[in-house]
1. Among the candidates Arg14, Arg81, Arg40, single out the residue that is touching a His at 6+ places or on another chain (Cβ under 6 Å), open to solvent by 40 Å² or more (accessible area, probe 1.4 Å) and either of a type outside the set (A, V, I, L, M, F, W, C) or under 24 Å from Val180 (Cβ atoms) (or both).
2. Test Val77 against the stated conditions and say whether it is touching a strand residue (DSSP E or B) at 6+ places or on another chain (Cβ under 9 Å) and assigned to a strand (DSSP E or B).
3. Given the criterion closer than 19 Å to Pro138 by Cα, surrounded by 14 or more Cβ atoms within 10 Å (Cβ to Cβ) and touching a helix residue (DSSP H, G or I) at 6+ places or on another chain (Cβ under 6 Å), identify the matching residue among Leu163, Leu152, Leu159.
4. Could you count how many residues in segment 12-34 are closer than 15 Å to Val103 by Cα, without any contact (Cβ under 8 Å) to a residue 12 or more places away in the chain and charged (D, E, K, R)?
5. Can you pull out the residues in segment 174-191 that are closer than 17 Å to Glu92 by Cβ and free of Cβ contacts under 8 Å to residues at least 60 places away in the same chain?
6. Which one of these is part of a helix (DSSP H, G or I) and either touching a helix residue (DSSP H, G or I) at 6+ places or on another chain (Cβ under 8 Å) or without any contact (Cβ under 8 Å) to a residue 60 or more places away in the chain (or both): Asp72, Asp9, Asp82, Asp86?
7. What tally of residues in segment 104-119 results from selecting those that are at pLDDT below 85 and either open to solvent by 60 Å² or more (accessible area, probe 1.4 Å) or not in a helix (DSSP H, G or I) (or both)?
8. Just to be sure, is Leu91 in a helix (DSSP H, G or I) and out of contact with any helix residue (DSSP H, G or I) (no Cβ under 9 Å at 6 or more places or on another chain)?
Amino acid sequence: MVAVLVIEDDDRIRLSLTLALEDEGYTVHAAATAEEGLLRQRREPADTVLVDLMLPGIDGFECIRELRRADDVPIVVVSARDDTHDIVAALEAGADDYVVKPVATKELTARLRALRRRARAAGAGPRATLIGELEIRPQAGEVLLRGQPLALTRTEFRLLCELAEHAGQVLSRQQLLERVWEYDFGDERLVDVHVGRLRHKLEDDPGSPTRLVTVRGLGYKLQR
């Protein structure tokens, strides 16, 4: 069974999420603080982690950073804060997705299923792709730049593979949401933030990108 760790300080919301996810067939681990959740994840790793941002003690942003330093577990923020700054900050901290409360159970579980499918498909695709100084090895889950390995999250890796598969072509934010996140609809800021993170790892000067470029009004393109 797929295990989900819920880190939420509000007792009512934590219980509600736990019961709803258990009804959908998930095994649920629950924690009321980031400290408790991080310890629980080290001792009994879950397949996916849900994190609230407004936690006592260590806040949600630092909790995400700590989780991300430990491994590449999929992380979904579930928060009442819907300000663009908070969403961008959470994604830049290492979250894979962001859901605003109140969240419908069906929407949340659909996103969790998409995360699991993306994790299983991480090694699919051609053996290797070479684009200039960039070498992508989908089956090994590796990316090399000038022969040196890049540390990418699972989502960054899938985003790069999708762009590389269509190198030289412009992909819109909506197309990337559908192909990388497997969402029919969603917040396009997910795409923008992950593209920005990817640029910082691919580009010599992220402020003037030459590999992963923006085509104004259309989307993004990986240059051949």
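The values are calculated or read from the model by the stated rules, or taken from the named source; none is laboratory data. Being a predicted model, the structure only gives us computed values, none of them experimental. Note that each Cβ is placed from the backbone with ideal geometry, even for glycine, and that neighbours are counted across all protein chains shown. Ligands, DNA and RNA are excluded from the accessible area calculation, which covers all protein heavy atoms including side chains. Shrake-Rupley method; radii C 1.70, N 1.55, O 1.52, S 1.80 Å.
1. Only one candidate qualifies: Arg40.
2. So Val77 fits the description; yes.
3. Going through Leu163, Leu152, Leu159 in turn, the sole match is Leu159.
4. So the answer is 1.
5. Glu188, Val191
6. Asp86
7. 2
8. no
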